[in-house]
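Asker: This is the structure I want to talk about, given as structure tokens.
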Amino acid sequence: MFDMTERAQRYRDDLLAFMDEHVYPAEAVYEAQMVESGDPHFQPPIVEELKTEAKKRGLWNLFHPHPQWGPGLTNLEYAPLAEIMGRSAHLAPEATNCAAPDTGNMEVLTLFGTPEHQEQWLRPLLDGEIRSAFAMTEPAVASSDATNIQLRMDRDGDDYVLNGRKWWTSNALHKNCKVLIVMGKTDTSAPTHRQQSMMVVPIDAPGVTVQRGLPVFGYQDREGHAEVLFENVRVPKTALLAGEGDGFMISQARLGPGRIHHCMRAIGMAERALDLMIDRAQSRTTFGEPVANRANIQDWIAESRIEIDMARLLTLKAAHLMDTVGNKAARTEIAAIKVAAPNVALKVVDRAIQVHGGAGVSEDFPLAGMYAHLRTLRLADGPDEVHKRSIAQWELRRRDPNWGKRG
């Protein structure tokens with residue numbers, strides 16, 4: 001069922017070569033350039049060099065399912081490629097123009113943007129000339145229920161006026177970020193899921209203030225996770241994506257592919273962590289024997305292989321269903337992998353940290369950064385609890401279609 005197509009195999013071979021020849025050697029250069037700059041949101045020259053090389057090799061916009069804008073790979077074809085990128089998650093996705101949140105934003109602009117949106121924003125995003133951010137989460141409400149959001153989008157003649165506060169607006173501190181996709185409320189009297197709309201807002205629009213970058217376990221990620229204030233931000237009605245009241249629908253269309261991409265990359269991180277754990281266990285000796293001889297270490301290695309392969313198979317199943325029956329029909333599997341993949345990867349990374357000892361929590365190895373990223377992924381694009389609640393409700397209704405509908 002999950003056999004790799006000829007073109008997917010070709011891309012996989014080319015991507016593996018790119019990783020070995022350019023991405024992994026660039027990691028130390030990247031770190032040195034970041035340290036030398038003294039700016040946590042600096043855009044290191046090595047990233048632009050990698051982008052140039054990836055373009056030259058045809059490893060560009062691999063995520064995009066629409067042949068007009070990318071190679072038109074299916075989710076199942078893209079899955080192993082995203083996993084490979086996840087092995088160097090801070091470099092490879094951006095180098096190939098397959099980094100979140102741009103991937104989701106580009107798909108939104110493809111599906112719901114006007115020709116003007118596509119010319120002004122989608123084309124430079126596809127070309128890697130600019131970056132973008134997605135502003136949905138808010139500090140004052142439980143944003144795991146997107147119907148709670150409060151940012152107002154009030155109609156004023158031919159314009160909308162935006163007022164509110166967002167946070168965890170990832171990518172808003174990237175040096176190349178030029179545009180935000182913002183979700184807010186246009187009509188509080190409409191049915192619950194028709195109150196929200198989405199609009200395209202330039203990040204330099206008057207009244208938009210990026211107030212701070214939120215650290216993650218003490219890390220200031222280069223792209224930033226911003227708190228953004230909107231004070232009387234005026235945008236034309238042409239900024240509206242799809243139609244008024246379509247915001248929730250757009251968010252669901254955006255988050256399905258975004259979730260599976262995150263999971264694919266998480267599996268790649270887990271694979272690299274397992275390699276690092278094995279290498280460390282084989283190279284260190286305690287009490288006269290290699291650490292790898294210890295029974296508990298061998299248990300960790302075996303359990304990691306089993307769990308990674310289980311998560312991968314579930315992810316491939318979700319990708320296959322998205323391709324064959326659509327995102328809506330695959331919603332149980334998408335929710336399941338969003339819970340499973342980050343949790344599996346966290347367990348593997350945690351074991352690898354333990355085997356590395358003190359080195360594991362230092363910045364000399366990528367494990368601590370991986371852990372911070374993956375722990376955050378249990379919240380991003382919906383916390384585990386929301387996905388498990390959805391799965392449980394679907395399962396209950398599978399046995400009783402009227403479950404939860406009774407008065």
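The values are calculated or read from the model by the stated rules, or taken from the named source; none is laboratory data. What you see is a predicted model, and the numbers here were worked out from it, not measured in a lab. Glycine gets a Cβ as well: all are built from the backbone with ideal geometry, and neighbour counts include every protein chain shown. Note: areas computed on protein heavy atoms with side chains; ligands, DNA, RNA excluded. Shrake-Rupley method; radii C 1.70, N 1.55, O 1.52, S 1.80 Å.
Asker: Using only the alpha carbons of segment 247-348, what is the convex hull's orientation-averaged projected area in square nanometres?
Answerer: Across all orientations, segment 247-348 yields a mean hull projection of 6.8 nm².
Asker: Given a 10 angstrom Cα cut-off, can you work out which residue in 361, 235, 200 is the most mobile in a GNM of the chain?
Answerer: For the chain, modelled as a Gaussian network with Cα springs under 10 Å, the answer is 361.
Asker: Expressed in nm to one decimal, what extension gain is obtained for the pair residue 238 and residue 3 from 0.36 nm per residue of sequence separation less their Cα-Cα distance?
Answerer: 80.2 nm
Asker: Right, here's the next one. Can you give the Rg/Rh ratio of segment 210-264, where Rg is from the C-alpha atoms and Rh is the Kirkwood radius?
Answerer: 1.08
Asker: How far apart, in nm, are the 7 Å Cα→Cβ label points at residue 379 and residue 116?
Answerer: Each label point is offset 7 Å from its Cα along the Cβ direction, giving 3.7 nm.
Asker: Could you state the accessible area per residue of segment 288-390 in Å², with a 1.4 Å probe and every protein chain left in place?
Answerer: 47 Å²
Asker: Right, next: In whole angstrom, how far apart do the alpha carbon centroids of segment 1-77 and segment 239-277 sit?
Answerer: Going from one Cα centre to the other spans 17 Å.
Asker: I've got another one for you. Taking all protein chains in place and a 1.4 Å probe, what share, in percent, of the accessible surface of segment 1-156 do carbon and sulfur account for?
Answerer: Percent of accessible area from carbon and sulfur atoms in segment 1-156: 50.
Asker: Keeping the other protein chains in place, figure out the carbon and sulfur percent of the accessible area of segment 300-407, with a 1.4 Å probe.
Answerer: 55 percent
Asker: To continue, here is another question. Quick one: length gained pulling residue 159 to residue 275 fully straight, 0.36 nm per residue minus the C-alpha distance?
Answerer: My answer for the length gained is 36.3 nm.
Asker: Find the eigenvalues of the gyration tensor of the Cα atoms of segment 250-307, then list the square roots of 5 times those eigenvalues as equivalent ellipsoid semi-axes, largest first, in whole angstrom.
Answerer: They are 36, 10, 6 Å, listed from largest to smallest.
Asker: Between beta-carbons, use under 15 Å as the cut-off and find the net charge around residue 101, counting Lys and Arg +1, Asp and Glu -1. Walk me through the intermediate numbers first.
Answerer: Numbers: positive: 131, 166, 178, 222, 254, 259, 265; negative: 94, 102, 107, 221, 223, 381.
Net of charged neighbours comes to +1.
Asker: Which GluC sites (Glu not before Pro) in segment 94-174 pass both tests, a DSSP loop state and at most 13 other beta-carbon atoms within 10 Å?
Answerer: 129
Asker: Binning every alpha carbon pair distance of segment 26-69 at 10 Å from zero, what are the percents per bin?
Answerer: Result returned by the calculation: 25, 37, 27, 11, 0.
Asker: While we're looking at this one, here's another question. Quick one: among 201, 182, 386, which has the greatest mean-square fluctuation in a GNM of the chain with alpha-carbon springs under 10 angstrom?
Answerer: Maximum fluctuation in the GNM of the chain, among the listed residues, is at 386.
Asker: Turning to a different aspect of this structure: In straight Cα distance, which lysines are under 24 Å from residue 317, not counting same-chain residues fewer than 8 positions off?
Answerer: Cα-Cα hits under 24 Å: 328, 338, 347, 388.
Asker: Divide by every residue of the chain the summed helix terms, -39500 (n - 2.57) for each DSSP H run of at least 4, and state the resulting mean residue ellipticity at 222 nm, rounded to the nearest 500 deg cm²/dmol.
Answerer: Helix-only estimate at 222 nm: -15500 deg cm²/dmol.
Asker: Once each part is reduced to its C-alpha centroid, what is the distance from segment 173-208 to segment 384-405 in angstrom?
Answerer: Centre-to-centre (Cα) distance: 31 Å.
Asker: Taking the chain as a Gaussian network, Cα atoms linked when under 10 Å apart, which of 104, 256, 58 shows the biggest mean-square fluctuation?
Answerer: Sorting by GNM fluctuation, first place goes to 58.
Asker: Then there's this: Could you provide, to the nearest whole Å², the per residue accessible area of segment 1-144 with probe 1.4 Å?
Answerer: So segment 1-144 comes to 42 Å² accessible per residue, rounded to a whole number.
Asker: Next question. Starting from the Cα gyration tensor of segment 18-137, multiply each eigenvalue by 5, take the square root, and state the resulting semi-axes largest first in whole Å.
Answerer: After diagonalising the Cα gyration tensor, the semi-axes are 25, 18, 12 Å.
Asker: Applying 1/(1 + (r/R0)^6) with R0 = 41 Å to the Cβ-Cβ distance of residue 293 and residue 29, what FRET efficiency is obtained, to the nearest 0.05? Let's see the in-between values first.
Answerer: Numbers: r = 36 Å, r/R0 = 0.88.
The value I calculate is 0.70.
Asker: Okay, moving on. Full-extension gain between residue 17 and residue 42, please, as 0.36 nm times their residue separation minus the C-alpha to C-alpha distance.
Answerer: Roughly 6.3 nm would be gained on extension.
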